[in-house]
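Comments concern the structure below.
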Amino acid sequence: MTNTDWPLWEVFVRSRRGLSHTHAGSLHAPDAEFALRNARDLYTRRGEGVSIWVVPSSAITASSPDEKDPFFEPAADKPYRHPTFYEIPEGVKHL
Amino acid sequence: MTTTAPTTAALALGDDALVLSHRLGEWAGHAPVLEEEVALANIALDLLGQARVLLSTAGDEDELAYLREERAFRNLQLVEQPNGDFAHTIARQLYFSTYQHLLYAELAAGEGPFAGLAAKAVKEVAYHRDHAEQWTLRLGDGTEVGHKKMQRACTALWRFTGEMFQPVDGLDVDLAGMETAWLDSVRAVLHRATLTVPEGPRTGAWTAGAGRQGVHTEPFGRMLAEMQHLHRSHPGASW
Amino acid sequence: MATAAAHQTHGTAQDTADTGAYERAFDAAVAADERIEPRDWMPDAYRATLVRQMAQHAHSEIIGMQPEANWITRAPSLRRKAILMAKVQDEAGHGLYLYSAAETLGTSRDELLDKLHTGRQKYSSIFNYPTLTWADVGAIGWLVDGAAITNQVPLCRCSYGPYARAMVRICKEESFHQRQGYELLLALGRGTPEQRAMAQDAVDRWWWPSLMMFGPPDDESAHSAQSMTWKIKRHSNDELRQRFVDICVPQAESLGLTLPDPDLKWNEERGHYDFGPIDWTEFREVLKGNGPCNEQRITQRRRAHDEGAWVRESAAAYAAKHTGPTGEMGKTGETGATQV
C-alpha cells in the first residue's frame, strides 16, 4: 500500500426521518471528515438522504460464513416467536 | 448596454456563477481522484443553476451567455482565472465561495430582489466554502509539496480579491463589513492550514477597472471563444 | 471465528480442506438463484471472472467520461450544459460504485487503476471512438447508453450480490442518460438542415460500434458459456444484440434518421429485424489498441492520475498528522460512526 492509497469507508444513509440508516456502499477518503463529504456528494446527489454515517471498513466485525449454521439455524425452529403460531377463535378482535 | 440597477447586479452575480461553473466543468475527467470528480461537478452544477436563475431575470439566459462579447461580461476577474493545478482551483474556490457566502447570507436576510435566490443559494455556497476550506487545510498542512503549491496559488490569486468589494449597482449590501468578515475568515483558514497570508495589493493598478467594468484578463477571451463557438455557428438554431 | 472487515474474503480453495462441500454449496446457491456474497466460498475462476468483469466495467465508466466531457465546455445551451455535466458526473459515480463492488473481492482500487494505466485490463472499446460534433453526445446517449442498458439490466440479477446491487443503482440512475441523448437528437432532427445533417452523421458513425458493444458472436465468445452457468451473465451476446436492434429501428424512425445498414429489414418469420454483417476486423483492431483514440484516452487518464498524486499524498499526510488514536476527527455520535 502506498501512502496515496486512501482507506475504504462504509457509508450508511438515512433516506428520511423516521427510518434507520441503511448501507449504501463504500468509498475512499483520507479521513473521516472527507469520507462524510464524499459520501454526501456520491450517495445523496439525487436527494437520497437526510443523514449519513461513515465507518472505516476495517472497523467492521462480520460473522463468518463458516459459522452460518451455528449462528443462524437455531433461530429457525422457534415458531412460537411468531404471531402466526397461535390459533385464535374467529371473531376475537384486537389481538 | 443600458441596464437597470437590478439587471446590472443580476448580470454581475450571474456571470460570476456562469464563468466559475464553466471553469470547474473543465475539470471533468481530469480530477486528482474519482471522489473529487463528483464533488467538483456538484459545485459546478450548483453554480450553473444559480447562473441560469440570475441571467433569466436579466433576459434570455442563452442569449446572454452565448451572444455577448467579452467586454459585456460583468464577472470578477477572479472566477475567470484558468484552473491551473488543483491548488489554484482550491484557492480560487476559497476566495470566491467565502465572498459569495457572505454576500448571499446578507441578501437572503434582506428584502431585495435577490432574497429568494440567495436563500436557496446560501446553503449551496456554504458547502462550497466548506469544501474549499477542507482542501486548503489538507494541501497547506499535508506534505511539503502540497504546502508549497497551495502557498503559491494563494499568493498568485490574492491580487484578484479586492474587486469583490467594489460597489455594484443594485446590490445593497454592507461591502466594508463584508470585506472585514472576508479577511477574517480567509486569514483564519490560511493560519490553520499553516499558510502565510499574502501581503501584496488586492487590486490591479490599471485605472480602466476590472471584471465588473467589463475589463477582463487574456485567458477569458479564449474561454468564451470555446464556450460560444458552437452556439454562434448556428444562428437562431434551437438545441 | 469472526474476522474484522466486512470485505475480508473467505479462504481460497487451496487452504480449505473441505472444498468439495463448499463447492456443492456454491453450486446449489447459484442454481437456486441465491446471491453469492463477498465472504462466501467461491471457485477461484468465478472470483477472477468477476474481478475482471467488474474492473473492466468500472474502467469503462471512467474512460467513458472523456468523449462526453469533450463537449461540456462547448454545450450550445445552458440547459444542455447542465444535463451533460450531470451525466458525466454520474459516470464517475458509477465507476466508483463498481470499483467498490470489485474491492469486495479483495483487490484494491489502486491495483485495478494500475492495471488500467498499464494496459493489463481493458475498458469498453466504444470509448476509443472520437466525439467529433455536438450530435455525437446525443448518439452516445441514445445508442451507446442504450446498448449499455440492454447489457446491464440483466446484470441487476447477477449471482454476485455486490455487483448486482451496484447495477441496480446504476440502472436506476442511467435511465435519464439514454433519454437525454434521444431528446438531444430529436431537437437536432427538428432543427435546421445543418443540425439534421449533424445528427445523421453522428448516427452513421456510432451505429456499428454500438452493435459491437455486445461482444463477439456467441460461437466465438471466449467467456460466455461459463459466465452463463454462473449466472454472471443471463443472456447471450447475440440475443442482447438482436434485442437492441429491435428496439432501435422504430426509435430511429421517430427521430427521422436512418440507420446505416442496407440489410436492415423486418423478418416476419423470426419476429425480429435482420441486420447486415458486423465488421469484426475493426472490432479486433480497436480492441488491440489501434482505434482512433486508444492512446489519447489512456494518456489522459494516466496524466490525471499522476498529476493528482501530490494532492492524494498531501491529504493522506494531513490525515496522518491530525487523526486521533481512534481514527476519528469528525463529530461522533452515539454509534461511534462519523455522522451528519
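Could we say that A:Glu48 is at pLDDT below 90, part of a helix (DSSP H, G or I) and more than 7 Å from every other protein chain (Cβ to nearest Cβ) here?
Considered against the rule, which asks whether it is at pLDDT below 90, part of a helix (DSSP H, G or I) and more than 7 Å from every other protein chain (Cβ to nearest Cβ), A:Glu48 comes out as no.
Within the stretch B:190-220, take every residue that is within 19 Å of the chain's Cα centre (by Cα) and within 14 Å of chain C (Cβ to nearest Cβ) and give me the one that is surrounded by the most Cβ atoms within 10 Å (Cβ to Cβ).
This residue is B:Phe220.
What pairs can you find where one residue is in the stretch B:95-122 and part of a helix (DSSP H, G or I), the other is buried (at least 18 other Cβ atoms within 10 Å of the Cβ) and hydroxyl-bearing (Ser, Thr, Tyr), and their Cβ atoms are less than 7 Å apart, with a gap of 6+ or different chains?
Final answer for the pair search is B:Tyr95/B:Thr161; B:Ala118/B:Tyr104; B:Ala121/B:Tyr104; B:Val122/B:Tyr104.
Grab the helices (runs of 4 or more DSSP H) fully contained in the stretch C:26-106, keeping just those with 3 or more residues being surrounded by fewer than 23 Cβ atoms within 10 Å (Cβ to Cβ), within 11 Å of chain B (Cβ to nearest Cβ) and more than 15 Å from the chain's Cα centre (by Cα).
Result: C:78-103.
Is it true that some residue in the stretch B:126-137 is among the basic types (Lys, Arg) and either outside any helix (DSSP H, G or I) or free of Cβ contacts under 8 Å to residues at least 12 places away in the same chain (or both)?
No, there is no match, as no residue in the stretch B:126-137 is among the basic types (Lys, Arg) and either outside any helix (DSSP H, G or I) or free of Cβ contacts under 8 Å to residues at least 12 places away in the same chain (or both).
Would the stretch A:13-22 turn up any residue that is closer than 26 Å to B:Leu139 by Cα, at pLDDT 85 or above, touching a Phe, Trp or Tyr at 6+ places or on another chain (Cβ under 7 Å) and not in a helix (DSSP H, G or I)?
No, the stretch A:13-22 contains no residue that is closer than 26 Å to B:Leu139 by Cα, at pLDDT 85 or above, touching a Phe, Trp or Tyr at 6+ places or on another chain (Cβ under 7 Å) and not in a helix (DSSP H, G or I).
Could you list, in sequence order, the residues of the stretch B:18-43 that are under 10 Å from the mean Cα position of the chain (by Cα) and either free of Cβ contacts under 8 Å to residues at least 40 places away in the same chain or at the interface with chain C (Cβ under 7 Å from one of its Cβ atoms) (or both)?
Matches in the stretch B:18-43: B:Ser21 only.
Residues of the stretch C:174-185 being more than 11 Å from chain B (Cβ to nearest Cβ) and open to solvent by 10 Å² or more (accessible area, probe 1.4 Å), which ones?
Residues satisfying the conditions are C:Ser175, C:Phe176, C:Gln178, C:Arg179, C:Gln180, C:Tyr182.
Evaluate the stretch C:110-123: report whether one residue or more is more than 14 Å from chain A (Cβ to nearest Cβ), more than 17 Å from the chain's Cα centre (by Cα) and within 28 Å of C:Gly181 (Cα to Cα).
No, the stretch C:110-123 contains no residue that is more than 14 Å from chain A (Cβ to nearest Cβ), more than 17 Å from the chain's Cα centre (by Cα) and within 28 Å of C:Gly181 (Cα to Cα).
Return yes or no: is C:Asn267 out of contact with any Leu (no Cβ under 9 Å at 6 or more places or on another chain), of a type in the set (S, T, N, Q) and modelled with pLDDT of 95 or more?
Criteria met by C:Asn267.
Does any residue in the stretch C:108-124 that is free of Cβ contacts under 8 Å to residues at least 24 places away in the same chain come within less than 7 Å, Cβ to Cβ, of a residue that is assigned to a loop (DSSP other than H, G, I, E, B) and open to solvent by less than 70 Å² (accessible area, probe 1.4 Å) six or more places away or on a different chain, and which pairs are these?
C:Ser108/A:Asp5; C:Asp110/A:Asp5
Look through the stretch B:87-107, keep the residues that are within 14 Å of chain C (Cβ to nearest Cβ) and open to solvent by less than 10 Å² (accessible area, probe 1.4 Å), and return whichever of them is farthest from C:Ser314 (Cα to Cα).
B:Gln93
Conditions tested, residue by residue: (1) under 30 Å from C:Tyr99 (Cβ atoms); (2) open to solvent by less than 10 Å² (accessible area, probe 1.4 Å); (3) in contact with a His (Cβ under 9 Å, 6 or more places away or on another chain).
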| site | (1), (2), (3) |
| --- | --- |
| B:Ile43 | yes, yes, yes |
| B:Val53 | no, no, no |
| B:Ala65 | no, yes, yes |
| B:Ala72 | no, no, no |
| B:Ala119 | no, no, no |
| B:Glu124 | yes, no, no |
| B:Asp130 | yes, no, no |
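Restricting to the stretch C:222-240, give me the number of residues that are of a type outside the set (Ser, Thr, Tyr) and more than 13 Å from C:Pro154 (Cα to Cα).
Residues meeting the conditions: 6.
Counting only residues that are charged (D, E, K, R), closer than 20 Å to B:Phe165 by Cα and part of a helix (DSSP H, G or I), how many does the stretch B:181-210 have?
Counting residues in the stretch B:181-210 that are charged (D, E, K, R), closer than 20 Å to B:Phe165 by Cα and part of a helix (DSSP H, G or I) gives 2.
From the residues in the stretch A:57-95 that are touching a residue at least 12 places away in the same chain (Cβ under 8 Å) and in a helix (DSSP H, G or I), which one is surrounded by the fewest Cβ atoms within 10 Å (Cβ to Cβ)?
A:Ser58
Can you name the condition, by its number, that C:Arg234 falls short on among (1) outside any helix (DSSP H, G or I); (2) out of contact with any Pro (no Cβ under 6 Å at 6 or more places or on another chain); (3) charged (D, E, K, R)?
Here C:Arg234 clears every test but (2).
Does A:Ser26 qualify as being under 30 Å from C:Thr19 (Cβ atoms) and outside any helix (DSSP H, G or I)?
Yes: the conditions hold for A:Ser26.
Using beta carbons and a limit of 9 Å, which pairs, at least six apart or on different chains, have the first residue in the stretch A:20-41 and closer than 12 Å to C:Thr338 by Cβ and at the interface with chain C (Cβ under 7 Å from one of its Cβ atoms) and the second one among the acidic types (Asp, Glu) and open to solvent by 10 Å² or more (accessible area, probe 1.4 Å)?
Final answer for the pair search is A:Asp31/C:Glu328; A:Ala32/C:Glu328.
The values are calculated or read from the model by the stated rules, or taken from the named source; none is laboratory data. Predicted, not measured: the structure shown is a model, and the values here were computed from it. In this analysis, Cβ positions are derived from the backbone assuming ideal geometry, glycine residues included, and neighbour counts consider all displayed protein chains. Remember, those area values only see protein heavy atoms, side chains included, never the ligands or the DNA or RNA. Shrake-Rupley method; radii C 1.70, N 1.55, O 1.52, S 1.80 Å.
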